[in-house]
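In what follows, a structure is listed as structure tokens, so that the remarks can point back to it.
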Amino acid sequence: MTAHTSTEAQAVATAGRLRGFATGAREFDDTPVEVKGELPAWLRGNLLLNGPALWELPQGSYGHWFDGLAMLHRIRLGQGEATYRSRFMLSDDYRRSTAMGRPAMSGFGTDDLPGLWRRLRGIFSPQVTDNASVVMSQVGGGWAAATESPRMVAFDPDSLQTRGPVCFDDKLVLHLMSAHGINDAAGDYWNVGIEFGPQCTYKLFRVKKGSLTREVVGSFKCKEPGYLHGFAMTPKHAVIWETAWRAQPLAFMFSGKSYMDHFRWKPEGGSRIHTVSLADGKVQSWDVPAMVCFHAVQAYEDAQGVVAELAVYADASVMRELMLEVRRQGTPLKCVPRLARYRLHAGQSRAEPEFFGPLCELAQVHPSRWTRSRATLAWGASAAGDFTSAFLDRTVRIELDTGHWTTWQRGGAIQLEPLFVAPEGATGEEEGVLLVPTLADGDTGTVIGVVDPARMTAMAELHLPQVVPFGFHAAFKGA
């Protein structure tokens with residue numbers, strides 16, 4: 001799909017809650033935030049938001065929600081008050097695209113316009129985007145943002161100043177990388193990447209705290225790797241899902257099409273889930289029915305092996321349902337996320353999904369449980385049972401043992417990922433708050449709901465001075 005201007009779609013997106021899919025966010029210096037209600041005294045630090053913000057350029061536009069040039073947002077909290085700051089991420093892609101007035105690199109749903117000659121010159125050094133609009137993590141002692149390419153961008157979590165590319169001091173070859181790196185209890189950074197070749201290689205690597213060396217802990221091969229967005233960890237294993245939406249490696253080198261046009265839905269081969277031992281790199285694998293997955297709820301160990309709880313889709317049609325023009329029209333999703341539990345037990349080679357709970361995406365568990373021990377509660381973003389709303393419109397609390405759920409909903413609003421923030425040292429599964437970005441039809445700017453995770457009621461609201469375009473994930477840096 002080629003880059004194109006979409007004035008009509010942009011006009012549609014300026015109305016009501018769908019403004020979150022519109023270009024228009026500006027850079028703000030520290031600006032007071034209106035606080036309604038009472039913030040917990042312990043809630044001190046920076047709430048960091050990241051996501052696409054600029055889709056329209058003078059001579060061309062991006063075609064997919066995921067593709068907008070990234071903007072960072074910081075809400076500083078302390079003493080019951082808050083301030084807001086925003087800055088565009090000055091990635092190589094941003095600098096080149098804004099200078100050219102059109103997309104300089106291909107995106108998730110936007111073609112590479114410069115043509116075949118540049119692509120041929122880039123075969124041995126591919127021109128992949130560093131528009132790191134998805135996840136923020138701590139890497140090598142600093143903060144960095146990532147997308148699904150191996151190029152990470154460092155930034156200052158206080159000023160939001162872009163510090164430049166993260167330059168690893170190793171020779172690890174990766175062509176794709178999960179956006180969702182994971183920091184373990186020791187502060188080490190873990191991630192999974194893929195190297196293309198006649199047999200493609202998944203590589204689990206670690207970057208120790210204070211280092212910029214990627215150390216491969218385990219690897220496995222396959223002919224056509226599945227779409228890679230995230231993975232999960234237990235204290236002993238990494239859990240990597242190989243979806244049935246499979247990459248065509250040669251297309252990435254020679255085709256100028258968008259990222260998603262380099263994949264094919266191949267359900268006949270099913271999907272696979274792999275565990276990689278963090279101690280010795282040993283890999284075990286299980287066949288599962290064909291699926292697509294962005295995110296895990298959690299993974300944990302039981303007496304028989306590893307259990308993975310994932311939000312899965314029946315096929316890859318969700319990727320095209322997230323095209324920007326479709327989202328701006330408020331079209332209900334047809335391909336919806338279901339929570340599935342996979343029991344990856346030793347001595348078995350197949351695992352069937354056990355579906356439970358509500359339709360749910362962007363799930364969170366208490367920070368003290370994530371990667372460390374089993375959680376019995378999770379919180380996520382959901383919609384009406386038939387997903388007929390314009391987009392995600394409620395926050396759900398899920399009892400993982402029973403699948404029972406309760407809801408917090410802000411009337412007429414789109415509601416995104418609920419970030420769970422806990423006091424330092426807290427271990428109780430409901431000890432903390434949920435910070436939920438929302439946007440309703442009548443809001444002048446984004447409203448962050450500060451929600452009690454046990455009662456599922458709002459304790460306070462943070463009214464930001466502008467609409468923060470809909471992003472994906474948040475992070476919290478304590479004071």
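The values are calculated or read from the model by the stated rules, or taken from the named source; none is laboratory data. In this text the structure is predicted, and so the values were computed from the model without any measurement. Cβ atoms come from the backbone with ideal geometry, glycine included; neighbour counts cover every protein chain shown. Note: areas computed on protein heavy atoms with side chains; ligands, DNA, RNA excluded. Shrake-Rupley method; radii C 1.70, N 1.55, O 1.52, S 1.80 Å.
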query: How about segment 179-198: which of its residues are farther than 18 Å from residue 299 by Cα and either touching a Pro at 6+ places or on another chain (Cβ under 8 Å) or at pLDDT below 95 (or both)?
result: 186, 187, 193, 194, 196, 197, 198
- prompt: If you check every pair at least six apart or on different chains, which have Cβ atoms under 6 Å apart with a residue in segment 86-103 that is on the phi < 0 side of the Ramachandran plot first and a residue that is open to solvent by 40 Å² or more (accessible area, probe 1.4 Å) and of a type outside the set (S, T, N, Q) second?
  reply: 86/27; 87/27
Pair list, Cβ < 6 Å and 6+ apart or interchain, from segment 339-356 residues that are of a type in the set (Gly, Ala, Ser) to residues that are open to solvent by 80 Å² or more (accessible area, probe 1.4 Å): 340/355; 351/343
- prompt: Mind checking which residues of segment 256-279 are in contact (Cβ under 8 Å) with a residue 60 or more places away in the chain and more than 20 Å from residue 180 (Cβ to Cβ)?
  reply: 256, 257, 258, 261
query: Quick one: which of 391, 294 is farther than 30 Å from residue 425 by Cβ, part of a strand (DSSP E or B) and not aliphatic (A, V, I, L, M)?
result: 294
message: For segment 82-110, give me each residue that is open to solvent by 30 Å² or more (accessible area, probe 1.4 Å) and among the β-branched types (Val, Ile, Thr).
response: 83, 98
- request: Find the residue count for segment 37-71, including only residues that are under 24 Å from residue 451 (Cβ atoms), open to solvent by 10 Å² or more (accessible area, probe 1.4 Å) and touching a residue at least 60 places away in the same chain (Cβ under 8 Å).
  value: 7
